[in-house]
Each structure stands twice: as structure tokens, then as C-alpha cells.
Amino acid sequence: MSFQFEILFDDMFSKICNDASLAPVQRKRLLSLVNGYEDGKWRSGRFHSFIWDNIAQTALTERERSNLVDRSHSALVAAARNLRLTDKEDDISEGSELAEIVLYGVMKHYYKALPVVPKIFYKQNTQDNAKGADSVHIVVTNDDFSLWFGEAKFYNSIDDTRLGSVITSIRNAIDTGKLKKENAIITNVNDLDDLVLNKTLLKSIKAALDSDESIDKIVGKLHVPILLIHECGITNSSSSLDNEYREKVISYHTDRANAYFKKQIAKLSSIAKYPSITFHLILLPVPNKKAIVSKFIANVEHYKGQE
């Protein structure tokens, strides 16, 4: 499956930073994505297909996915049953599981990452593992690796108030105790052994993530992808993926990236490990949050009822 979203911008934040005095701006990136239109309408069906094409990445273990590889319907049913449907709870959490699934899809298809901890599966089955990052991945590059601990949100807007709440989540996610706990989960579940076929590299990863090792040794390998799916007036009022739409979204996302990273630097730069961590702000606009979440919940309930 190819990556279905169009990439409007993927580059270092330093290239679009509007404040020359801001520091540190290194190790920060913006990825701006859009879904597209057909016959004058936003491609809702295509967006939901992306969710269901990738739901198994976070709701099933690697062995379950392998066992169901030729049974797509059974995989969807099994994945749906592991969803907690927290999306029904309130305005803040509404769409949270949907956003987690989209992030797992982006990590797989764009960053070529391995889903070493299927978070929705473990949130459903082990309460202790329900805390921490929304996504846990490893990206293998030749004989080396990087660790990706992600955050995923679905917001009615990405105004300054919402951006502030994201940073609170990020602060918690990069706490040394939380990072060590995530590392322990990675090494204690079977998915890592099933996904990393290079046994020498596997041994190296496990050694680096050992609880006795200092976080300082791997801090340069840490990446934090921050997916913000957000309701967008520009997207709602448009009918075509044309240059005018692209330019408006890029301008808006550039503005929001500046607002976000200014807040993040102000609140987190005093943390010793902060300058060594790479942050990826991923923005994906949609026309109507309520309609998307309602359709997602209806689909989940449909599959939950299947035999």
C-alpha cells in the first residue's frame, strides 16, 4: 500500500521559523499532510479506508496479524473488538483511538517503522500498559535503529490553547521514568522478536533498552512524532486539491508550527535531554471532526458485532 496522503511540506522547522532568537530549533520538523477531494467533496471514504487498512498495526500483535494475513475480514473483526471506544467519552478524548490508528498508518507507510508495541491491543488487555506514549515504533536503518514514541490527538481546532495541552502530554512522555517503562514494555513483549529479523541488531536493541542502562546513552535515538488531526475551515470550505488550497494550508500549518514550537521550547527546553530529542509535528486537516468520529464509531460497532 502506497502512502495515500499528499505531502505539502516536510522539512526542518528552522527553515520556516519566524523568530531568529528562538533556540534550540534543531531536531524539529514539520510534516504537513492533506487528504484530497473528488467530485467537489473531501474524500471521506478514502480517509476511513486508511484507518481500516491500518487498524491491525495497533490493535493486534504481530503474531495475530501474521495468523490473519489471508483473512482480512477476520482481522478487522479482531481489531475492532480490541478498541475501547473511548471516542464516545467526551470532547477531549473523542477521536483519540482514531488518531492513534492514523499515526500507526503514517509511521508504517511514511517512516517505514516497525510497530513493536501495538498500543491499542495492550491498552485493552493489560491496564498497566495503558499509560505512556500513544504509539511505539522502531525505525531500522542499515545496522542501526531509532526509537519513536508518538502522541496522537484529534482536535476541533489547533488554536494556542489546544497546542498547550499537547505540550503537557509531551512533557510526560519524555520523562525518564516513562521512557524506561516504555523501553521495558518493548523488550518484554514478543513483537520485537518477531519484527526484527537481524538477530545481531535485535540483541543490540535489547541491550540499549536494558533498564540498567542510562537514558543518556539512547537519547539521541529518540524521536517524538506528534500527530494532530484537526478540524479546518480551509478544508471544509474547499472543493478541490488545487494550488490555492495547498498554499492556504501550508501557510496555516507554518503559522501553527511556529506557535507550537515556541510554546514547546519555552516549556521544555530546561529539560536536560530536550535538545537531543527529535520532534516531528505532523498536521492533517479534516473538514468536520464530528462526522468523521461518528462514522468511525458506527464502523467499529458494526465489526464488533460480527462473528
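Please treat every number below as a calculation from the coordinates, not as lab data. Everything numeric here is computed off the predicted structure, so don't read it as measured data. Cβ coordinates were reconstructed from backbone atoms using ideal geometry, including for glycine residues, and neighbour counts include every protein chain displayed.
Overview of results
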| quantity | calculated |
| --- | --- |
| Rg/Rg_ref, the chain, where Rg_ref = 2.2 N^0.38 Å and atoms are Cα | 0.98 |
| Loop trypsin sites (Lys or Arg not before Pro), the range 111-217 (other Cβ atoms within 10 Å of the site Cβ: 14 or fewer; DSSP) | LYS112, LYS131 |
| Whole-Å distance, taken between Cα centres, linking the range 146-179 and the range 192-251 | 12 Å |
| Projected label distance in nm at ASP143 and ALA298, using a 7 Å step from Cα toward the beta-carbon | 5.4 nm |
| Residue pairs, from the table LYS28/LYS248; LYS108/LYS217; LYS153/LYS295; LYS15/LYS267, whose Cα atoms sit over 19 Å apart | LYS28/LYS248; LYS108/LYS217; LYS15/LYS267 |
| Helical mean residue ellipticity (222 nm; -39500 (n - 2.57) per DSSP H run of 4+; nearest 500) of the chain | -14000 deg cm²/dmol |
| Förster-model FRET efficiency, 45 Å R0, ASP255 and LYS203, C-beta, rounded to 0.05 | 0.50 |
| Nitroxide proxy distance, nm - points 7 Å out along Cα→Cβ at ILE215 and ASP193 | 2.8 nm |
| Additional length obtainable on full extension of the chain from SER240 to ALA272, 0.36 nm per residue less Cα span | 7.0 nm |
